[in-house]
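First the structure, in the form of structure tokens, and then the observations on it.
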Number of protein chains: 2
Amino acid sequence: MAQINQNYRKLAAGYLFPEIARRSKSYLEAHPGTHLHRLGIGNTTEALPPAIIEGLREQVERLASNATYSGYGDEQGSLPLREALVSYYKAWGVNLQADEFFISDGAKADAANIQSLFVEDSIVAIQDPAYPVYVDSNVIAGRSPSFDHSRGYYDKFVYLQGLEEEGFVPSVPTEKVDLIYLCNPNNPTGAVANHEQLKGFVTYALKHKAVIIYDAAYSEYISDATLPKSIYEIEGAQQCAIEINSFSKFAGFTGVRLGWTIVPHALVSEESEVGELHKMWYRRQCTFFNGASNIAQAGGLAALTPEGLVQSRATVAYYMENARIIREGLLGLNLKVYGGDNAPYLWVKTPLGLSSWQFFDKLLNECQVIATPGSGFGPAGESFIRFSAFGHRENIVAAMQSIKDNLRLENQNER
Amino acid sequence: MAQINQNYRKLAAGYLFPEIARRSKSYLEAHPGTHLHRLGIGNTTEALPPAIIEGLREQVERLASNATYSGYGDEQGSLPLREALVSYYKAWGVNLQADEFFISDGAKADAANIQSLFVEDSIVAIQDPAYPVYVDSNVIAGRSPSFDHSRGYYDKFVYLQGLEEEGFVPSVPTEKVDLIYLCNPNNPTGAVANHEQLKGFVTYALKHKAVIIYDAAYSEYISDATLPKSIYEIEGAQQCAIEINSFSKFAGFTGVRLGWTIVPHALVSEESEVGELHKMWYRRQCTFFNGASNIAQAGGLAALTPEGLVQSRATVAYYMENARIIREGLLGLNLKVYGGDNAPYLWVKTPLGLSSWQFFDKLLNECQVIATPGSGFGPAGESFIRFSAFGHRENIVAAMQSIKDNLRLENQNER
């Protein structure tokens, strides 16, 4: 008599993006023919640059001939790609070995699966607000007994709030925790920790033998050269941190699918041997994964060539110009705006005392603009909304024009 | 203080394919310049057919232009691809809905992850011999307390032996189990269950509210039209079975990565509501996965066109001709050979009372041929070796010639 994993039933209903899709759809049904300006989901929109396209094309042609066809590759990814990543990290002074990299089909899967390495009763610390995957994967794995509807929190998890007055970078936990998820630059707030702040987390982790799961998927959006791009820029981090990253937002691979995770040989946890966590992840990937697509890997390798890097960074700069336009537009309406300088997300305080979803509805109804309600990322996100800078320039400009022309900020009683 | 998931330490050492690689490498180091005939790993070798290459090319070009670029797709895969799979199943009388299909990056990941839907104390039944992923994923998930070195079995798992005298198709469990993994056609034995045998499993599962995890990755190799290609050809299977399949062996996507899993709405387990398991897998995939590569999906769609099907099946026929050549060669040496008629694997009884690894070494040393020791798939695989029919024709012919010329079957005392 097979019985279901009851942890799934603990997951709070109403996944954020499906709910946005539902409300957008009903608006369109009620207002047929309307054009919606979508600044919600963080999805890339610009074509892949020529160097990457060429890399993809070449791999497709290799698959077309018996002489160059290849089947299964190594589960941990192709060696040339891992070596290119070693060089990529060297550029900002981080020394890693090729076999410390595990190529995957994207950061989301790794961020969700990495908890498999740790015992079920681990105490998990998660930023609030945060990308939902860290929370949900740990709920499914049984690390929370229940969802507390009154607080909006899962019991037993430790939430690290990114407070407005602290620029949304959380402080280290005040209690003992085992796993600490850090998304830096943060999705959704766009906040980026400086060297000193990251050092605080590394010091905490080394002291308490905690492990930091560091999601750096937006690291290429950091333009301030004084800010670290990798947790391994902090001394001691290789003993206490796993870093996850992705070609999605950097090189436009949201649909192509490619990412990587670094599990250093030096990483240890309580009672583990040096090297054991590295070997466990290798075993986990060999068992649960069969390697990323060789076409995607060829594209990733092309993205890491000098030409590919220049072209990919030009696309990043394009999105960051979008961010500047959004920021200026919103500041012009006297809204409070955070992020958007070293991250493709802008975190905006809702006006008029509105809740996140109320402001979502107001933007939708008055301006036909979709943004992402901050409360969908956790209770501390309430009264904020996230704007994404991913989009074609003309759409970003049109969205901001619509907000400027149509958003009614004077009337507090309209709802 | 992070602590590791101790279940990883329960995994028996010496993963099969790495050990084969190690022995091959040391042979080559001792005999530099030797050519090895590799009939071991089941990895495709033939170029992708033109219709699929064209599908891949077109998607790469779509990514090169802003007008046709696309980023994140649905986690469950593109609707046209799922609809094409609906039609694919209709061809042998199986009616499924598009939203019962979940596109993935391959059968291995799904076969390893599907156990997440069920409680940790589920009793798992696994074929012996079997592809190692079913066992290892359940060990990591904590479903066995320990490995019994004397028996070569994980405690608490129920092993269903495919006995030689029964053609290696196992009988239904004699005790109550919760999950039943069936790989059909079987890897490694090449055995294929007939309608009556599969009906036995479905009847058992319905009676005991067990769930069958049916891995059909080799279904396209079934040439005998009387044998079922899908578990859903058996009445009642939609209430008790999940089917996993792949483009890897059918369309040569071992490196491109694409598969699918079917979780029918009708599937139930003890205490689950109708539709709940379907929704759970949807939630699981939305949380742990971000969709298969859109390039791979375009290739999959091309593989399912009439042209793509004809061309892919021609490659399957090519491998099956290899299987025929291997079979005839081995039968000519009076070896006992199973499988290879409806599966790309031949399951060969070791001669001279040799163990699987002894015969592996003998083939390597005398014939420079690599096959896969049967004992690596479970204790019941001892005294068998697996030949894979994946390879270029000339290599298969050369390997068989080398076996014919060099294998010494008369001398029992050589080792």
- Task: Identify all residues within segment B:189-223 that are among the hydrophobic types (A, V, I, L, M, F, W, C) and away from chain A (no Cβ under 12 Å); write none if there are none.
- Result: B:Ala191, B:Val192, B:Ala193, B:Leu198, B:Phe201, B:Val202, B:Ala216, B:Ile222
- Evaluate the following for A:Ser375: is it surrounded by fewer than 24 Cβ atoms within 10 Å (Cβ to Cβ) and at pLDDT below 95? yes
- Where B:Glu120 falls short, out of the listed (1) within 14 Å of chain A (Cβ to nearest Cβ); (2) surrounded by fewer than 18 Cβ atoms within 10 Å (Cβ to Cβ); (3) in contact (Cβ under 8 Å) with a residue 24 or more places away in the chain: (3)
- Message: Cβ contacts < 8 Å: first residue acidic (Asp, Glu), restricted to segment A:134-150; second residue modelled with pLDDT under 95 and not in a helix (DSSP H, G or I), any location; separation 6+ or different chain. Result?
- Response: A:Asp136/A:Leu11
- Exactly one of (1) surrounded by 20 or more Cβ atoms within 10 Å (Cβ to Cβ); (2) touching a strand residue (DSSP E or B) at 6+ places or on another chain (Cβ under 7 Å) is unmet by A:Cys367. Its number? (2)
- Item | Count of residues meeting criterion [charged (D, E, K, R) and at positive phi] in segment A:243-289 | 2
- Subset of segment B:51-72 (residues that are more than 27 Å from the chain's Cα centre (by Cα) and either buried (at least 20 other Cβ atoms within 10 Å of the Cβ) or at the interface with chain A (Cβ under 7 Å from one of its Cβ atoms) (or both)): B:Arg57, B:Gln59, B:Val60, B:Leu63, B:Ala64, B:Ser65, B:Asn66, B:Tyr69, B:Ser70, B:Gly71, B:Tyr72
- Among the residues of segment A:385-415, write down those that are surrounded by fewer than 22 Cβ atoms within 10 Å (Cβ to Cβ), assigned to a helix (DSSP H, G or I) and in contact with a Leu (Cβ under 8 Å, 6 or more places away or on another chain). A:Lys404
- When you look at A:Thr68, is it farther than 21 Å from A:Tyr232 by Cα, of a type in the set (Val, Ile, Thr) and free of Cβ contacts under 8 Å to residues at least 40 places away in the same chain, yes or no? yes
- Complete set of residues in segment B:344-384 that are more than 17 Å from B:Glu165 (Cα to Cα), in a strand (DSSP E or B) and hydrophobic (A, V, I, L, M, F, W, C): B:Val369, B:Ile370
- Note on the structure: Counting only residues in segment A:156-188 that are crowded, with 18+ Cβ neighbours inside 10 Å and polar (S, T, N, Q), the one nearest to the other protein chains (Cβ to nearest Cβ) is identified as A:Asn187
- When you go through B:Leu48, B:Leu28, B:Leu81 one by one, which is the residue that is in contact (Cβ under 8 Å) with a residue 40 or more places away in the chain and over 21 Å from the mean Cα position of the chain (by Cα)? B:Leu81
- Is one or more of the residues making up segment B:381-388 in contact with a Lys or Arg (Cβ under 7 Å, 6 or more places away or on another chain) and not assigned by TED's automatic domain parsing to the domain that holds B:Cys183? yes
- Task: Hey, can you tell me all the residues within segment B:253-270 that are within 10 Å of another protein chain (Cβ to nearest Cβ) and either closer than 24 Å to A:Leu258 by Cβ or of a type in the set (Asp, Glu) (or both)?
- Result: B:Phe253, B:Thr254, B:Gly255, B:Val256, B:Arg257, B:Leu258, B:Gly259, B:Glu270
- Note on the structure: Scanning segment A:307-340 for residues that are closer than 23 Å to A:Ala398 by Cβ and outside any helix (DSSP H, G or I), the one farthest from the other protein chains (Cβ to nearest Cβ) turns out to be A:Asn334
- Please enumerate the residues belonging to segment A:305-315 that are surrounded by fewer than 23 Cβ atoms within 10 Å (Cβ to Cβ) and not acidic (Asp, Glu). A:Thr305, A:Pro306, A:Leu309, A:Val310, A:Gln311, A:Arg313, A:Ala314, A:Thr315
- Of all residues making up segment A:80-110, the number that are aromatic (Phe, Trp, Tyr) and part of a loop (DSSP other than H, G, I, E, B): 1
- Task: Please state which of the following conditions A:Leu85 fails to meet, knowing it meets all the rest: (1) closer than 30 Å to A:Val177 by Cα; (2) buried (at least 18 other Cβ atoms within 10 Å of the Cβ).
- Result: (1)
- Query: Scanning segment B:4-49 for residues that are within 30 Å of A:Lys209 (Cβ to Cβ) and surrounded by 18 or more Cβ atoms within 10 Å (Cβ to Cβ), which turns out farthest from the other protein chains (Cβ to nearest Cβ)?
  - Reply: B:Asn7
- So B:Ala91 fits all but one of (1) more than 12 Å from chain A (Cβ to nearest Cβ); (2) closer than 30 Å to B:Val348 by Cα; what number is the exception? (2)
- Given the conditions (1) assigned by TED's automatic domain parsing to the domain that holds A:Ala141; (2) in a helix (DSSP H, G or I); (3) without any contact (Cβ under 8 Å) to a residue 60 or more places away in the chain, report the number of the one that A:Val60 does not fulfil. (3)
- Task: Could you please give the count of residues in segment A:1-20 that are within 14 Å of A:Tyr154 (Cβ to Cβ) and in contact (Cβ under 8 Å) with a residue 24 or more places away in the chain?
- Result: 5
- Query: (1) touching a helix residue (DSSP H, G or I) at 6+ places or on another chain (Cβ under 7 Å); (2) over 17 Å from A:Asp361 (Cβ atoms): which one isn't true of A:Leu16, the others all being true?
  - Reply: (2)
- Item | Residue within segment B:128-143 that is touching a strand residue (DSSP E or B) at 6+ places or on another chain (Cβ under 7 Å), away from chain A (no Cβ under 14 Å) and under 30 Å from A:Val119 (Cβ atoms) present | yes
- Out of all the residues in segment B:271-284, which are at the interface with chain A (Cβ under 7 Å from one of its Cβ atoms) and surrounded by fewer than 15 Cβ atoms within 10 Å (Cβ to Cβ)? B:Glu271
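The values are calculated or read from the model by the stated rules, or taken from the named source; none is laboratory data. Since we're looking at a predicted model, the values are computed, not measured. Cβ sites come from the backbone with ideal geometry, for glycine too, and all protein chains shown count toward neighbours.
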